[in-house]
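This report refers to the structure that appears directly beneath it.
The values are calculated or read from the model by the stated rules, or taken from the named source; none is laboratory data. Every value quoted in this text rests on a predicted model; they were computed, and no experiment measured them. Virtual Cβ from ideal backbone geometry, glycine too; neighbours counted across all protein chains shown.
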Amino acid sequence: MDVILTIDVESYTGDYAREVFAGGLGLDFIVQACRRQGMVGTFFVEALGATRWGREPLQRIVADLNAAGQDVQLHLHPVVARIEGFEDHEDVLCHRDRATQTMLLARGLAELRACGAHNVLAFRAGDLGANVDTLAAMEAAGLRVSANRDLDQKSSIRSRLNDHFPARNDLSRRDGILDIPVTALRSPLPMLDGPWRHMEISAMGLGEMCHGLDRLARAGYACAGILTHPGEFFRQAGGRCVPIAKNCRRLEGVLAHVGRRPGMRWTSVAAMAARADVSSASPPDVRAPLAWSLARLAGQALDRVRVKLGH
Ligand SMILES: [Zn+2]
C-alpha cells in the first residue's frame with residue numbers, strides 16, 4: 001500500500017512567521033521529520049496569499065521545500081485573495097461558478113510557479129471545498145491530480161466529490177483526473193466521533209492511525225492519505241510558540257511505522273501522477289481499532305482536565 005503525507009501550508013493573516021514557520025516548530029519541524037525518515041511529503045502550498053501579501057513568504061516556503069527535496073503542489077483559500085473585481089468572504093471554492101474557479105486556479109498556479117515551484121500537477125481546495133466544476137477548472141489549468149475527497153465531513157471538510165469517483169475512500173480516476181483522498185476509517189464510537197474519522201495527525205491517536213493503516217493494507221487499499229498542517233505542531237503561549245508534544249510524537253511515530261512495514265511505502269502525490277493501474281472497485285470499509293479510539297478519547301478527556309487545572 002502506498003501512503004501519502006499531505007501537508008496544507010497557509011496563512012490567513014499574512015503573518016507567516018506566526019502561522020507557518022513558528023521559529024522552526026511548524027513547517028521546518030515537518031520537513032525535518034520527513035528527512036529523518038528519508039521520505040518525501042506533499043506540501044499543498046496556498047498561493048493566493050501572494051496576491052495580498054506579496055510573493056516573498058511563498059518564495060521562502062517553496063525554496064525551503066525545494067532544498068529539502070519535498071513535493072510542492074497547489075492549495076487555494078479564496079478568502080485571502082486580493083484580485084481586482086473579485087472578493088470572497090466564505091472561503092469555499094465550490095460555492096463559486098466554474099469560470100471564477102478557473103480564474104482562481106490559473107492565478108494561483110501562476111503565483112506558485114513564479115515563487116519557484118517547478119513540478120505542480122496537483123490541486124487541493126481549502127477545506128477540500130471542491131466540486132465537479134473544480135475538476136473542470138483543474139483540467140483547464142493542466143492539473144490532473146486532485147486531493148479533494150474525505151468522508152469525514154466534520155471539522156470543516158467541505159468536499160462535494162466523495163460520490164463522483166468510482167472507488168470510494170481510495171485512489172480513483174474520473175475522466176482523466178486521479179484523486180487521492182484523505183483516508184477515513186469507520187468510527188467504532190459514532191455517537192462520540194461521528195460515522196467516519198479521518199486520518200489527520202491532530203484527529204487520530206498514534207495507535208489508532210498505525211493499526212488503522214495495517215487494517216487498510218490487509219483490506220487491499222491501493223493508497224492511504226494522511227492530512228496535517230504546520231499549525232498542528234505548535235501553539236502560542238505567553239507570546240511565543242511552544243511545541244504540541246503529543247502531535248509531534250504522532251507524526252514521528254506514524255512516519256516510522258510506515259517505514260518499518262514491508263507492505264507499505266511512503267510516496268508523494270507527484271510520484272502517484274503517472275500511476276496507470278487504478279482500480280474502479282471500492283475497497284471494503286475499515287473500522288478504526290476500538291481500544292485505540294478509546295485510548296485517544298481518554299487522553300483527550302485528561303487533557304481537558306489538565307487545562308482546567310491550569311497544568
Ligand atoms: Zn487550507
Conditions (1) surrounded by 24 or more Cβ atoms within 10 Å (Cβ to Cβ); (2) closer than 22 Å to A271 by Cα; (3) aliphatic (A, V, I, L, M); (4) out of contact with any Phe, Trp or Tyr (no Cβ under 8 Å at 6 or more places or on another chain); number of the one not met by L121: (1)
Odd one out for A99 among (1) under 23 Å from R160 (Cα atoms); (2) more than 14 Å from the ligand (Cβ to nearest atom); (3) in contact (Cβ under 8 Å) with a residue 40 or more places away in the chain: (3)
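So for the range 281-291 (the condition being among the acidic types (D, E) and more than 21 Å from F233 (Cβ to Cβ)), does at least one residue qualify?
yes
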Selection within the range 172-186 - buried (at least 24 other Cβ atoms within 10 Å of the Cβ) and part of a loop (DSSP other than H, G, I, E, B): I180, P181, V182, T183
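Confirm whether R287 is of a type in the set (D, E, K, R) and either within 16 Å of W196 (Cα to Cα) or surrounded by 14 or more Cβ atoms within 10 Å (Cβ to Cβ) (or both).
Working: of a type in the set (D, E, K, R): yes; either within 16 Å of W196 (Cα to Cα) or surrounded by 14 or more Cβ atoms within 10 Å (Cβ to Cβ) (or both): yes.
For R287, the condition - of a type in the set (D, E, K, R) and either within 16 Å of W196 (Cα to Cα) or surrounded by 14 or more Cβ atoms within 10 Å (Cβ to Cβ) (or both) - is met.
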Close pairs (8 angstrom Cβ cut-off, 6 or more residues apart or separate chains): more than 11 Å from G24 (Cα to Cα) in the range 228-239, within 16 Å of the ligand (Cβ to nearest atom) and part of a loop (DSSP other than H, G, I, E, B) anywhere: T228/I201; T228/S202; H229/E10; G231/G26; E232/I201; E232/S202
Residues of the range 1-60 satisfying the condition of being assigned to a loop (DSSP other than H, G, I, E, B), under 28 Å from A224 (Cβ atoms), more than 16 Å from the ligand (Cβ to nearest atom) and of a type in the set (G, A, S): G38
Odd one out for A270 among (1) out of contact with any Gly (no Cβ under 9 Å at 6 or more places or on another chain); (2) over 17 Å from R149 (Cβ atoms); (3) part of a loop (DSSP other than H, G, I, E, B): (3)
Only one of R240, R249 that is modelled with pLDDT of 95 or more and surrounded by fewer than 17 Cβ atoms within 10 Å (Cβ to Cβ): R249
Selection from the range 67-91 of residues that are away from the ligand (no atom under 16 Å from the Cβ) and in contact with a strand residue (DSSP E or B) (Cβ under 7 Å, 6 or more places away or on another chain): Q70, D71
